Every structure is written in structure tokens, then in C-alpha cells.
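Heads up: the structure comes next, in C-alpha cells.
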Amino acid sequence: MRLKNKVALVLGAGSVGAGIGNGRAMAMLFAREGARVVAVDRDITSAQDTRERILAEGGHCEAEQADVSVAADVRRVVDACIAGFGRIDVLVNNVGIAELGGPVELSEEAWDRVFDVNVKSMFLACKHVLPHMERQGGGAIVNVSSLASVRWAGVPYVSYGASKAAVNGFSRYVAMQYARKNIRVNTILPGLINTPMIVEPLSKFYGGVSSMLAQRDAMCPTGSMGEAWDVAHAALYLASDDSKYVTGVELMVDGGLAQQVITPATI
Ligand code: NAD
């Protein structure tokens, strides 16, 4: 019960497919560890699916709809969390989208959308949550970046890599500004994780779903991709008091992938 009596606001707690993405796994694991979870997603059906899974396990969860790139939506869910529970101990900024393409192929709108969803969302969430954490005397923020923020990921998605690099910088600055206020800000850099998110944008690039799964498994030093639970366990550590002296870190959850050269099938 490492999150007993804590309230966790998880943004992007659904999953684009039927399976379990990183945010859904975090919401479920946090609830198992005693947190009262507010599961937020653009897709309310998906957030409700997460809620039902948590309730079925005897946990506590509310589901809210919001587009995290829209200021009024973010404000509304933060207000709802405070109205319902009076506090926010843990904020997880998990939402991320990927658009394939380099500067030539990507439209300006796609570039802006990726930055709005991947980066501005974290700015908006922190803008509204930090004052509550300060008033409470502390809190933990977990931002989900990507190994693609620090290196070539084998796929040409420049807006994704650049936006995730911005997430790292954003997290570092907020971590330092709030370190004396007992508010910790840490970043997770997942490597290749087998979640529903990768199927739609990436399968075309790798020549089909089964070929993509095989190629991504083969790229990992362990011989297989990670799963959403691996990311969730890292988030649990960073969200809980187990990491009370940890702030400003970039924690790779990548099975050692950062240590080796990634060889894409084609570019
Ligand atoms: P996912 O797509 O399964 O989950 C993300 C959720 O965010 C979905 O439920 C989706 O509906 C929601 N969402 C998308 N846009 C939204 C918006 N504007 N407002 C609110 N909700 C929105 O993805 P995932 O694979 O679990 O990825 C979660 C995070 O992990 C992302 O930040 C992603 O960049 C990161 N990540 C994933 C991998 C991987 O290999 N899967 C690797 C590195 C990093």
C-alpha cells in the first residue's frame, strides 16, 4: 500500500486499443497500492474502462473526459479532483502521440498538434496542479517522455523526438524550482514498449503488425519489448515516498536499449 491515502491524477489513463497502455497500467497499479485515482482521457469510454477494471479489483477510481492540450479541459479536471478529494498528491502526465515524418513530410498542423499534446499539456497540468501541491506541502509529478527524447529511435518521427526532448527540459526546470517545496518532478523514458499506441502509427512503417512486433523485439537487448506494467512500476516508485530523495531524474525503462545501436530495417 505504497500510495495509501494519496490522490493520483493520471492524465492519459485510457488506452488507444483494447489492451493496456502505460497510463491504464499506472492507474490500476496505483489503485492496487491504495491510491484514489482520477483517470482522465480524451476518450471517456477508455477512461471508464480503466475505472471499471479498478473497481473490479476493489479499488477507487473516478473517470473524467478531457483533451489535455485544451487549457479549459485541464483546469476542469483539476478542479473536479480538488472538489472531490480536496488534494492531489500525484500527477502523472502520460499523454503522448506520435506522427510519422521528418520536417519535409510533416504538416505544420501536425507539428503543432504533437507539441500541444505532448508538451503544452504538461505545462497546463503543472500550472493548475502545482498551487494545490504547494498548499498541501508537497507532491510528486511523473512525466512520461521517451527514449526517443535523447536518441534516434529507429523511426523518422522528428516531432515526437523533439517534443519528448522538450518534456525532459520542462521537467528539469520545474523540479529545480519546486525542490524546496517538497514537490518532486521526475521523468520516465520508456524504450520500446508493447502497448496499443504503437500499432496504428508504426505498423505501416515496419510492414505490418506482426513484422513490427518481431522487429521491435529483436532490437531490444533482452530480446523482447517492455510491457506497460514495467513503466507503471517505475512510475509507482517515483510517485511514492520510496523516492522521497529523488527529483529531476530521467529514468530509462528500456531493457538496456539505450546502451546499444538501434538498427532500423529501412529508413
Ligand atoms: P496509449 O495511446 O495506449 O495511451 C495514451 C492515452 O492518451 C490514450 O488512452 C489516448 O486516448 C490518450 N490521449 C491521446 N491524446 C490525448 C489528449 N489530447 N488528451 C487526453 N488524452 C489523450 O499510449 P502508450 O503507449 O501507453 O503511451 C503512453 C505514453 O508513453 C506516451 O506519452 C508515449 O509517448 C510514451 N511512450 C510509449 C512508448 C511505447 O513504446 N509504447 C515508448 C516511449 C514512450
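The values are calculated or read from the model by the stated rules, or taken from the named source; none is laboratory data. Fair warning: this is a prediction, and the values are worked out from it, not measured in the lab. A quick note on method: Cβ atoms are made from the backbone with ideal geometry, for glycine too, and the neighbour counts reach across all protein chains shown. Heads up: the accessible areas ignore ligands, DNA and RNA and are worked out on the full protein's heavy atoms, side chains in. Shrake-Rupley method; radii C 1.70, N 1.55, O 1.52, S 1.80 Å.
Odds and ends about this structure:
- Selection count, segment 171-193, where residues are within 21 Å of the chain's Cα centre (by Cα) and surrounded by fewer than 19 Cβ atoms within 10 Å (Cβ to Cβ): 3
- Selection of segment 30-42 for residues being part of a helix (DSSP H, G or I) and open to solvent by less than 10 Å² (accessible area, probe 1.4 Å) yields only Phe30.
- Residue check for Thr45: more than 8 Å from the ligand (Cβ to nearest atom), in contact with a strand residue (DSSP E or B) (Cβ under 8 Å, 6 or more places away or on another chain) and polar (S, T, N, Q): no
- In segment 153-267, counting only helices (runs of 4 or more DSSP H) that sit wholly within it, the ones holding 1 or more residues that are more than 11 Å from the ligand (Cβ to nearest atom) and polar (S, T, N, Q) span 158-178, 199-203, 209-219.
- Which numbered condition Ala148 fails, given (1) open to solvent by 60 Å² or more (accessible area, probe 1.4 Å); (2) under 17 Å from the mean Cα position of the chain (by Cα): (1)
- Residues within segment 11-30 that are touching a Lys or Arg at 6+ places or on another chain (Cβ under 9 Å) and of a type in the set (A, V, I, L, M, F, W, C), tallied: 5
- Among the residues making up segment 14-29, those that are outside any helix (DSSP H, G or I) and more than 7 Å from the ligand (Cβ to nearest atom) are Ala18, Gly19, Ile20.
- Of all residues in segment 99-127, those that are touching a residue at least 60 places away in the same chain (Cβ under 8 Å) have Cβ atoms under 9 Å from Cβ atoms of residues that are open to solvent by 70 Å² or more (accessible area, probe 1.4 Å), 6 or more apart or on another chain, in Glu99/Trp111; Glu99/Arg113; Leu100/Lys204.
- Filter pass, Glu62 being out of contact with any His (no Cβ under 8 Å at 6 or more places or on another chain), modelled with pLDDT of 95 or more, more than 9 Å from the ligand (Cβ to nearest atom) and not polar (S, T, N, Q): yes
Per-residue answers, yes or no, for (1) closer than 25 Å to His233 by Cβ; (2) among the hydrophobic types (A, V, I, L, M, F, W, C); (3) more than 17 Å from the chain's Cα centre (by Cα):
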| position | (1), (2), (3) |
| --- | --- |
| Lys4 | yes, no, yes |
| Gly17 | yes, no, no |
| Glu52 | yes, no, yes |
| Val90 | yes, yes, no |
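- Of all residues in segment 238-247, those satisfying the criterion of being crowded, with 16+ Cβ neighbours inside 10 Å, over 13 Å from the mean Cα position of the chain (by Cα) and under 23 Å from Tyr173 (Cβ atoms) are Ser243, Thr247.
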